Amino acid sequence: MVRPRRDAEAAGAGQARGAGGPGPAGGAHLPALGRRAALLGLSAALALPQARVAFAQAPGDARLVVVLLRGGMDGLHAVQPYGDAAFAGLRGPLALPQPGQEGGLLDLGGHFGLHPRLAALHAMFGAGEATIVHAVAGHWRTRSHFDAQDLLESGADQRLSSGWLNRALAAIPARQGAQPAGLSVGTDMPLLMRGATPVGNFAPRGSATPPPDLFARVAELNAADPVTGPAIAEGLRVRGYATGTLGEDAAIRPAQGGAFRALALAAGRLLSQPDGPRVAAFELSGWDTHAQQANRLNAPLSQLDEGLAALKESLGTHWRRTAVLVVTEFGRTVRVNGTAGTDHGTGGVAFLVGGAVAGGRVAGTWPGLAEAQLFQGRDLAPTSDLRSLAKGLLRDHLRLPGPAVARAFPGSEAVAPQGGLVRV
Amino acid sequence: MQPATVIAAARFGFGRRPQDPEPADPRAWLAGQVAAPAPAPALPEGHPATLREIFALQAEDNETMRAGQGRPHQQRIWRAEAAAHLALAATEEAGFRERLVHFWANHFTVGRQKVPYTVGHFIRDAIRPHVTGRFEAMLLAVIRHPAMLAYLDNATSIGPDSRAGQRSGRGLNENLAREILELHTVTPAAGYTQADVGALARIITGWSFAPQREPFGFLFRPAAHEPGEKRLLGRTFPEGEAGGVEALAFLARHPATQRHLATKLARHFVADTPPPIAVRRIEAALRDSGGDLGAAARALVALPEAWDPPLSKLRPPTDYVLAVLRALAAPPAVAERAVGTLQYLGQPVWNARAPIGWPDAAAEWASPEAMLRRVEWANGLAARGAERDAAGLAEAVLGPLARPETLRAAARAGSAREALTLVVTSPEFHRR
């Protein structure tokens, strides 16, 4: 990446002279306009030549992306166990034709088939870049979306005010002159990414902005406020950075292939920068299919598939070092409900994709769909724990030390990190 | 100007307009709003006001859709409803009742993605008339409204042992029943089980609606109703439509419901983490009045905790946009365009992504990108009021709550537009 060299102190002083002298600074140490320059991301750090050296010595160039599927994706619809004798009977019209037939499943090796809308994911599976974990669930058994999502993101037995990914990021050493390791893509900052560790936030946009100087004064006016101050300062910093990185393409329009694809493209391109973030999170809603599921899941499945393809494309050569964990708060009922949909359940599916993934397999222990094998007589019985997957990635992919992994998932001593998820 | 004048307008309403008079007694002013008749949003000429008219246009849309020509009425209907809804909040002098409408509409979220034709009617008909009435009446009106019956799938839920169930082999959909228990009434604090969810789902089987014939609204379909008595939270409810009415009344009056509503009201009007004493006072008002939401509203006004400056709640995008529109005295046509603004600022009208509705805590709304977008939008709007005096505006809408830093920054601004932008993007303006 080419970036103009700039002496930040000189730039700040020049601005101060040009603006006619600093005013009251609200009690901060920097003179007002010096801080203004800092808020705008004009600090020297971005341009220091040793930034790259520092980067090269950083603990790894691995990239981790976490995608939250909100609403409870029906794992039995996305990844259908057509080889299970009970499946077709339980699922009726939701069971798709077997692989090879018209409109049929995409085969995953003889027992499971992928929904045909997930063609790009299937290609990744064929290339050994995707692992599908079936009959997986979190550590909760609530069927409330809201409680389950809170626990999924908190990574603890109760809702915390920080997310497991944020706590994990605390263990990644700051790289001099580089962006924070974590990036939340989209206008919302999910609980997963909230917490004490500074995390970037960026949303693709396409609108004109007020003059930088006015933005700086708004930031200054809010600087002492505990809520609006950090938010505005951080937003300006990331925008300054992202526009420099993405150029005119910062205006990636959500209309092109859907908002989720735009998020994935932006995430991939920012993660590709040498001094960019290493860990990103974003989300896709639309999975709560209580009725007419066969039709209503088509759009979110396509969006997910296109988003994963866009992520791979925009990461370029960095895809090789990337792992993407796709999770949802729960699976859905094994039986179809009265309105051709499914209700909130338990066991479901997680996807693990990326060039760093030791893929090409369906992982987990299949519990079976016979009556006695169901959880509470209605749900797919969970045989894997989402925390085990996440902990495995933190340990083997991001190479975080054991105590850091434990801090991300407090109270999970009994849940061992799953090995062998990534190529080492 | 006394601080209570600004607090009454900001905390309990959508903020002051520069021309608003200063009430002699701000608390009495608010209490008077609770007793006043509900104003109605001004819908455009020819807008389908009744469900019968709305369903007729939906049927027309189904026809044009089959002919490959889209749904010309769909977006026009919900957008007109949303624009009128926002314009009323942007222009009413008495904002407390409108805030209550927004609060209860969020408590009973229906998403316009799924029910675009009926969502506006739902707010007008099932929420507005009830915000100072009895919770029981609002709950019944909400659950019987076609928007809610469709949004949470109850309209097509069928008792497995009903005549329709036996004939068609179709069955239950427990979506609405679960959310009534979890979100609308008792919450998991009441300790209900999966069996209770199933029981309530059976109790309200047959609760459906008729879009293309009389009564063009709620319709109980006996053929889809699960026969027999059902047990919910230790109580037995009879077969038939009356069983559902009784069950909802039971849930509405349940102590866990009153605690839940009290907590949400106190969180909304007082603080993200409301003082327990405030919650208890609202809970007591609900209990002692038999669930009178007007009594709860008056109890909110009477809370000493609600009147302590500085204001601590971060305005969510809707409240922020309305407060800026009021402060800058934007004409109704601008208020109507706020439908698009709220899409951009992250809180699209009636489009919360799940039945739990929009969150009510600062941390949920203070993402960096969202805060920057507020500045961009406010700056765009400030261009229209370039002749206005920012210091006078700050005095009129923020009064003694305007900080000296804000007034100094506005005084030093390079243009009237920038001065206005600074006033409405100051930390105190982001609060209510």
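Hey, can you tell me all the residues within the stretch B:172-190 that are over 22 Å from residue B:156 (Cβ atoms) and facing chain A (nearest Cβ under 10 Å)? Reasoning before the result, please.
Narrowing the stretch B:172-190 to residues over 22 Å from residue B:156 (Cβ atoms): B:185-190.
Result: B:187, B:188.
I'd like the full set of residues that are among the small types (Gly, Ala, Ser) and closer than 24 Å to residue A:174 by Cα, limited to the stretch A:385-424. Walk me through it before giving the result.
Taking the stretch A:385-424 first, the residues among the small types (Gly, Ala, Ser) are A:388, A:390, A:392, A:402, A:404, A:406, A:408, A:411-412, A:414, A:416, A:419-420.
Scanning the stretch A:385-424 gives A:390, A:392, A:402, A:404, A:406, A:408.
For the stretch A:387-407, check the following and say yes or no: at least one residue is free of Cβ contacts under 8 Å to residues at least 24 places away in the same chain, in a helix (DSSP H, G or I) and within 17 Å of residue A:331 (Cβ to Cβ).
Checked against the condition, which is being free of Cβ contacts under 8 Å to residues at least 24 places away in the same chain, in a helix (DSSP H, G or I) and within 17 Å of residue A:331 (Cβ to Cβ), the stretch A:387-407 yields no hits at all.
Considering (1) closer than 20 Å to residue B:296 by Cα; (2) touching a residue at least 12 places away in the same chain (Cβ under 8 Å); (3) surrounded by fewer than 19 Cβ atoms within 10 Å (Cβ to Cβ), say which one residue B:25 fails and leave the rest.
Looking at each condition in turn, residue B:25 falls short on (2).
What single numbered condition from (1) in contact with a Ser or Thr (Cβ under 8 Å, 6 or more places away or on another chain); (2) at pLDDT 95 or above fails to hold for residue A:412?
(1)
Answer yes or no: is there a residue in the stretch B:133-153 that is of a type in the set (A, V, I, L, M, F, W, C), within 13 Å of chain A (Cβ to nearest Cβ) and assigned to a helix (DSSP H, G or I).
Quick first cut of the stretch B:133-153, residues of a type in the set (A, V, I, L, M, F, W, C) only: B:135, B:137-143, B:147-150, B:152.
If we keep only those that are within 13 Å of chain A (Cβ to nearest Cβ) as well, we get B:149-150, B:152.
From the residues that got through so far, the ones that are assigned to a helix (DSSP H, G or I) too are B:149-150.
Within the stretch B:133-153 (the criterion being of a type in the set (A, V, I, L, M, F, W, C), within 13 Å of chain A (Cβ to nearest Cβ) and assigned to a helix (DSSP H, G or I)), the answer is yes, since at least one residue qualifies.
With the condition kept exactly as written, say whether any residue in the stretch B:323-335 is closer than 29 Å to residue A:183 by Cβ and not β-branched (Val, Ile, Thr). Walk me through it before giving the result.
From the stretch B:323-335, those closer than 29 Å to residue A:183 by Cβ are none; that's our starting set.
No, every residue in the stretch B:323-335 fails to be closer than 29 Å to residue A:183 by Cβ and not β-branched (Val, Ile, Thr).
How many residues, within the stretch A:161-173, are within 14 Å of chain B (Cβ to nearest Cβ) and under 20 Å from residue A:393 (Cβ atoms)?
Initial filter on the stretch A:161-173 (within 14 Å of chain B (Cβ to nearest Cβ)): A:161-163, A:166.
With under 20 Å from residue A:393 (Cβ atoms) added as a condition, the list becomes A:162-163, A:166.
Summing the residues that are within 14 Å of chain B (Cβ to nearest Cβ) and under 20 Å from residue A:393 (Cβ atoms) in the stretch A:161-173 gives 3.
Looking at (1) away from chain B (no Cβ under 12 Å); (2) over 19 Å from residue A:67 (Cβ atoms), can you tell me which one residue A:219 breaks?
Residue A:219 satisfies all of (1) away from chain B (no Cβ under 12 Å); (2) over 19 Å from residue A:67 (Cβ atoms) except (1).
Yes or no: residue A:92 within 14 Å of chain B (Cβ to nearest Cβ) and not hydroxyl-bearing (Ser, Thr, Tyr)? Can you show your working first?
Working: within 14 Å of chain B (Cβ to nearest Cβ): yes; not hydroxyl-bearing (Ser, Thr, Tyr): yes.
Here the answer is yes, as residue A:92 does meet what is asked.
Could you say which residue among B:223, B:249 is in the same structural domain as residue B:182 (by TED's automatic domain parsing), surrounded by fewer than 18 Cβ atoms within 10 Å (Cβ to Cβ) and under 26 Å from the mean Cα position of the chain (by Cα)?
Details: B:223 fails: under 26 Å from the mean Cα position of the chain (by Cα).
From the options B:223, B:249, the qualifying one is B:249.
Which helices (runs of 4 or more DSSP H) sit wholly inside the stretch B:163-231 and have at least 3 residues that are in contact with a helix residue (DSSP H, G or I) (Cβ under 9 Å, 6 or more places away or on another chain) and of a type outside the set (D, E, K, R)?
Working: elements: B:163-168, B:175-179, B:194-203.
Correct list: B:175-179, B:194-203.
Can residue B:41 be described as of a type outside the set (Gly, Ala, Ser) and closer than 19 Å to residue B:349 by Cα? Please lay out each step first, then the result.
Numbers: of a type outside the set (Gly, Ala, Ser): yes; closer than 19 Å to residue B:349 by Cα: yes.
Spelling it out, residue B:41 is indeed of a type outside the set (Gly, Ala, Ser) and closer than 19 Å to residue B:349 by Cα.
Listed here are the residues, each with its yes/no results for (1) at pLDDT below 95; (2) touching an Asp or Glu at 6+ places or on another chain (Cβ under 8 Å); (3) assigned to a loop (DSSP other than H, G, I, E, B); (4) among the hydrophobic types (A, V, I, L, M, F, W, C).
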position: A:98; (1), (2), (3), (4): no, no, yes, no
position: A:117; (1), (2), (3), (4): no, yes, no, no
position: A:135; (1), (2), (3), (4): no, no, no, yes
position: A:175; (1), (2), (3), (4): yes, yes, yes, no
position: A:179; (1), (2), (3), (4): yes, yes, yes, no
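Have a look at B:111, B:95, B:169, B:165 and point out the one that is within 14 Å of chain A (Cβ to nearest Cβ), under 17 Å from the mean Cα position of the chain (by Cα) and not basic (Lys, Arg).
Numbers: B:95 fails: within 14 Å of chain A (Cβ to nearest Cβ); B:169 fails: under 17 Å from the mean Cα position of the chain (by Cα); B:165 fails: under 17 Å from the mean Cα position of the chain (by Cα).
One residue alone meets the criteria, B:111.
So, in the stretch B:359-386, of the ones that are hydrophobic (A, V, I, L, M, F, W, C), surrounded by fewer than 19 Cβ atoms within 10 Å (Cβ to Cβ) and closer than 18 Å to residue A:149 by Cα, which residue ends up farthest from the other protein chains (Cβ to nearest Cβ)?
As a first pass, look at the stretch B:359-386 and keep what is hydrophobic (A, V, I, L, M, F, W, C): B:361-363, B:365-366, B:370-372, B:375, B:377-378, B:381-383, B:386.
Then keep just the ones that are surrounded by fewer than 19 Cβ atoms within 10 Å (Cβ to Cβ); that gives B:361, B:363, B:383, B:386.
Going one step further and asking which of them are closer than 18 Å to residue A:149 by Cα, we end up with B:361, B:363.
Working: B:361: 10, B:363: 7 Å.
Within the stretch B:359-386, the match that is farthest from the other protein chains (Cβ to nearest Cβ) is B:361.
Any residue in the stretch A:148-157 that is surrounded by fewer than 24 Cβ atoms within 10 Å (Cβ to Cβ) and not in a helix (DSSP H, G or I)?
Scanning the stretch A:148-157 turns up at least one residue that is surrounded by fewer than 24 Cβ atoms within 10 Å (Cβ to Cβ) and not in a helix (DSSP H, G or I).
If residue B:305 passes every condition in (1) touching a helix residue (DSSP H, G or I) at 6+ places or on another chain (Cβ under 9 Å); (2) part of a helix (DSSP H, G or I); (3) at pLDDT 95 or above but one, which one does it miss?
So residue B:305 meets the others, but not (3).
If residue A:105 satisfies every condition in (1) surrounded by fewer than 20 Cβ atoms within 10 Å (Cβ to Cβ); (2) modelled with pLDDT of 95 or more but one, which is the exception?
(1)
Name the residues in the stretch B:288-321 that are over 30 Å from residue B:140 (Cα atoms), under 21 Å from the mean Cα position of the chain (by Cα) and more than 14 Å from chain A (Cβ to nearest Cβ), would you?
B:306, B:321
Going residue by residue through the stretch A:347-361, is there one that turns out to be of a type outside the set (D, E, K, R), crowded, with 22+ Cβ neighbours inside 10 Å and farther than 27 Å from residue A:419 by Cβ?
There is no residue in the stretch A:347-361 that is of a type outside the set (D, E, K, R), crowded, with 22+ Cβ neighbours inside 10 Å and farther than 27 Å from residue A:419 by Cβ.
Which one of A:417, A:382, A:367 is over 21 Å from the mean Cα position of the chain (by Cα), part of a loop (DSSP other than H, G, I, E, B), under 23 Å from residue A:324 (Cβ atoms) and in contact (Cβ under 8 Å) with a residue 24 or more places away in the chain? Can you show your working first?
On the way: A:417 fails: over 21 Å from the mean Cα position of the chain (by Cα); A:367 fails: under 23 Å from residue A:324 (Cβ atoms).
Testing whether each residue is over 21 Å from the mean Cα position of the chain (by Cα), part of a loop (DSSP other than H, G, I, E, B), under 23 Å from residue A:324 (Cβ atoms) and in contact (Cβ under 8 Å) with a residue 24 or more places away in the chain leaves just A:382.
Filter the stretch B:389-423 for residues that are in a helix (DSSP H, G or I) and at the interface with chain A (Cβ under 10 Å from one of its Cβ atoms) and give the result.
From the stretch B:389-423, those in a helix (DSSP H, G or I) are B:390-401, B:404-412, B:416-423; that's our starting set.
Passing the criteria: B:404, B:405, B:406, B:408, B:409, B:410, B:412, B:417, B:418, B:421, B:422, B:423.
One residue is enough: does the stretch A:322-333 have a residue meeting the conditions of a type in the set (Lys, Arg) and closer than 22 Å to residue B:198 by Cα?
Yes, the stretch A:322-333 contains a residue that is of a type in the set (Lys, Arg) and closer than 22 Å to residue B:198 by Cα.
Looking at B:111, B:68 in this structure, which one is free of Cβ contacts under 8 Å to residues at least 40 places away in the same chain and assigned to a loop (DSSP other than H, G, I, E, B)?
Working: B:111 fails: free of Cβ contacts under 8 Å to residues at least 40 places away in the same chain.
Going through B:111, B:68 in turn, the sole match is B:68.
At least 1 residues that are crowded, with 24+ Cβ neighbours inside 10 Å in each: list the helices (runs of 4 or more DSSP H) lying fully within the stretch A:250-340 that qualify.
Details: elements: A:259-271, A:293-296, A:298-315.
Per the criteria, A:259-271, A:298-315.
The values are calculated or read from the model by the stated rules, or taken from the named source; none is laboratory data. Nothing here was measured: the structure is a model prediction, and the numbers come from that model. Note that each Cβ is placed from the backbone with ideal geometry, even for glycine, and that neighbours are counted across all protein chains shown.
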